[in-house]
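Here's the structure, in structure tokens; my notes come after.
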Amino acid sequence: MARRRQARALAREAVELHALPPRVAAFYARAWWTAVRSGDGYSLVVVARPADVATLLALAKGHRSVVELGTATGWTTAALALADDHRHVASYDPAVRPERERYLGLLHPRDRARISLHQVPAQNVRPEPASVGFVFIDCAHDRQTTADAFRAWEPAVVWGGVIAFHDFDHPDYPGVREAVEELGLAGEVRGGVFVWRKPA
């Protein structure tokens, strides 16, 4: 019964793949198939849904240097790289999921080479100022970590750049909204993503 529900949910999400660039949609389809065949229920639950990925890719468009805070199993990492052949993606996560390389291994080596992985908490990094166009915050989801991650990375974002918070208003992750409110950020909500733009 659970497998049937999962199959129906994946079928519904497969319809959303049309909103993604072809290479990203193809990766998601292969990753889903790989997850189902390997029994990786974790990835099927935690990865960003196609609708949110489409939003993230639209926000990251035109930015050649992007940062992801919270790698998990690497699906969004791969999507950000595949959406722009000239983009470098730096992804940070203190925990290394054993499934991660299985999915990043689906990428062509030239795409995989544009991804750098860092095993360090997002809030502990002191990046170079004005070095990044887009930051995706998808780490621990509690208020303190989320707020600290923003504070650490805001100086790295170029004027006019974007920081996106995933799982905003998700019932299981109230800390994301609490962090945005604590920081006093003005922005917009697109699906499950809160979008803050650095004034130009």
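Coordinate-derived values only; no laboratory data. This structure is a prediction, so every number in the text was calculated from the model and none was measured. Cβ atoms come from the backbone with ideal geometry, glycine included; neighbour counts cover every protein chain shown.
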* Footprinting exposure proxy for His108, His88 (fewest neighbouring C-beta atoms within 10 Å first) -> His108, His88
* Note the angle between two axes, namely the Cα long axis of helix 143-153 and the longest principal axis of the Cα atoms of the chain, as a number of degrees from 0 to 90, rounded to the nearest 10. => 70 degrees
* **Degrees, to the nearest 10: 22-38 long Cα axis against longest axis of the chain** => 60 degrees
* **Segment Gln144-His86, length gained on full extension (0.36 nm per residue, minus Cα span)** => 17.5 nm
* Sketch the reach of a paramagnetic label on Trp159 as a point 7 Å from Cα along Cα-to-Cβ, and name the residues of the stretch 184-200 whose backbone nitrogen lies under 14 Å away. => 198-200
* Structure fact -> In order over the stretch 100-111: 3J(HN,Hα) from phi, Karplus 6.51/-1.76/1.60, θ = phi - 60°, whole Hz, x for each Gly or Pro, gives 4, 5, 4, 7, 5, x, 6, 7, 5, x, 5, 6
* To do: Can you put Thr146, Thr76, Thr34, Thr71 in order of Cβ neighbours within 10 angstrom, beginning with the fewest?
  => Thr34, Thr76, Thr71, Thr146
* Report the charge-dipole magnitude of the stretch 2-197 in Debye, nearest 20, computed about the Cα centre from +1 at each Lys and Arg Cβ and -1 at each Asp and Glu Cβ. => 860 debye
* Once amide H atoms are placed 1.01 Å from N in the peptide plane, what residues at a sequence separation of 5 or more from Gly161, or on another chain, have their amide H within under 5 Å of its amide H? -> Lys198
* Which angle from 0 to 90°, rounded to the nearest 10, does the C-alpha axis of helix 174-183 make with the longest principal axis of the chain? -> 20 degrees
* How large is the helix-only mean residue ellipticity at 222 nm for the chain, computed as the sum of -39500 (n - 2.57) over DSSP H runs with n ≥ 4, divided by its residue count, in deg cm²/dmol to the nearest 500? -> -12500 deg cm²/dmol
* How high is the relative contact order of the stretch 47-153, given as a whole-number percent (alpha carbon pairs under 8 Å, six or more residues apart)? -> 31 percent
* Structure fact -> Residues Ile115, Ile137, Ile163 in order from fewest to most other beta-carbon atoms within 10 Å are Ile115, Ile163, Ile137
* Among Phe165, Phe136, Phe27, which one moves the most in a GNM of the chain with springs linking Cα atoms closer than 10 Å? -> Phe27
* Report the antiparallel proportion of the DSSP beta bridges in the chain as a percent, rounded to a multiple of 5. => 30 percent
* Asked: For the stretch 2-197, what relative contact order do you get, as a whole percent, if you take Cα pairs closer than 8 Å and at least 6 residues apart?
  -> 17 percent
* Structure fact -> Farthest towards the positive end of the dipole of the chain, among Ile137, Phe27, Leu59 and with Cβ unit charges of +1 on Lys and Arg and -1 on Asp and Glu, lies the Cα of Phe27
* Determine the gain in length on full extension of the stretch Arg126-Ala200; use 0.36 nm per residue of separation and subtract their C-alpha separation, reporting nm with one decimal. => 24.4 nm
